[in-house]
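Input: a single structure, listed below in structure tokens.
Throughout, read-outs are computed from the coordinates displayed, never taken from laboratory work. Here the structure is a predicted model, which means the values were calculated and not measured. With ideal geometry, Cβ positions are generated from the backbone for all residues, glycine too; neighbour counts draw on all protein chains shown.
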Amino acid sequence: MNYQLPTTNYQLPTTNYQPARTSFVTGKLLTSLIHQYLPLAVMSVSLRQKKMIMASETLEKLNWRYATKKFDKSQTLSEEKIEILKQAFNLTATSYGLQPIKMISIKDKEVQAQLVPFTMQQQQVADASHVLVLCVEKTISKHYIKEYFSRVATIRNTPAAILQPFEAFLIDSFSEKETSEIRQWMEKQAYIALGNLLTVCAYEQIDACPIEGFEPEAYDTFLELDKRNLNSVLVLAVGHRAEDDMFATMKKVRKGVDNVVIDY
Ligand SMILES: Cc1cc2nc3c(=O)[nH]c(=O)nc-3n(C[C@H](O)[C@H](O)[C@H](O)COP(=O)(O)O)c2cc1C
């Protein structure tokens with residue numbers, strides 16, 4: 001099967017830029033107006049055209065992506081692609097920039113096979129090139145927040161006095177939160193990372209299956225996540241779709257855009 005994106009003809013309908021002839025505009029004035037405004041008009045059309053092409057390419061790529069049910073186990077993602085996913089994970093936006101998330105990248109096929117029983121028998125984790133396990137910190141301590149601010153100070157060369165009020169605010173605010181509230185907040189950050197990774201996968205033509213159907217406690221024990229002060233939240237299997245994955249050619253099931261977007 002050829003997974004090349006279908007080529008599309010993005011040619012916009014040609015427009016006639018000839019200004020209407022009017023009785024009161026002299027030939028000279030008309031020429032001067034054409035000289036002044038035609039380049040602008042042409043420029044704005046070509047910008048619009050470029051924007052439309054980019055939007056179409058984005059949607060094509062997002063349509064190409066689907067939750068892969070069957071991976072080709074003979075294929076492995078290149079180191080370069082995996083590096084892109086690692087960098088993209090690290091570049092994910094997080095609330096306050098605190099990054100309470102970590103990603104375990106697994107490519108050991110024996111380990112992957114042993115994850116299947118903890119993943120509701122979903123074979124994707126065994127057959128994928130890599131299994132990415134998105135985790136959250138066990139807790140956010142005062143020390144953790146201080147570390148973040150010292151990173152800001154080092155990387156941006158910001159004086160401590162400028163950072164101090166916000167640092168004090170965050171330490172105070174987190175000390176007042178229930179453990180369950182912090183945990184929920186951290187999990188939201190993991191979901192943001194998952195969304196980000198899925199979009200990057202679409203862009204990079206990496207096949208992926210997001211997986212919520214797994215036993216987090218079993219993963220934690222098996223991967224000894226306790227030692228790293230982490231808890232697993234989500235799994236993302238990445239690799240190459242199998243040629244006979246029937247889900248690859250199925251139509252997307254979505255509500256109409258008018259149903260999910262309200263122009264207010
Ligand atoms: C958070 C999350 C968890 C998911 N968990 C699973 C899963 O455990 N197994 C699976 O096969 N697909 C899983 N999916 C895939 C969805 O079923 C799929 O994205 C949805 O049906 C839309 O189909 P599409 O992604 O192919 O367009 C999950 C998707 C998300 C976003």
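Remarks
- Counting other Cβ atoms within 10 Å as a rough exposure proxy, the listed residues Met246, Met120, Met103, Met186 run Met246, Met120, Met103, Met186 from fewest neighbours to most.
- Whole-number D in µm² s⁻¹ for region 186-254, Kirkwood Cα-pair radius fed into Stokes-Einstein, 20 °C, 1.002 mPa s: 153
- Spatially proximal lysines relative to Lys51 (Cα-Cα < 22 Å; intrachain offsets below 8 disregarded): Lys61
- Bridging of Lys102 to lysines at a Cα separation below 20 Å is possible for Lys81, Lys86, Lys138, Lys142, Lys146, Lys188, Lys227, once same-chain residues fewer than 8 apart are set aside.
- Taking a straight line from the alpha carbon of Lys70, these aspartates and glutamates sit under 17 Å away, with near neighbours fewer than eight places off in the same chain left out: Asp127, Asp207, Glu212, Glu243, Asp244, Asp245.
- Across all directions, the average projected area of the convex hull around the alpha carbons of region 81-203 is 9.2 nm².
- Listed peptides 64-72, 217-225, 235-243, 155-163 appear in the order 235-243, 64-72, 217-225, 155-163 once ranked by packing, highest mean of other Cβ atoms within 10 Å at the front.
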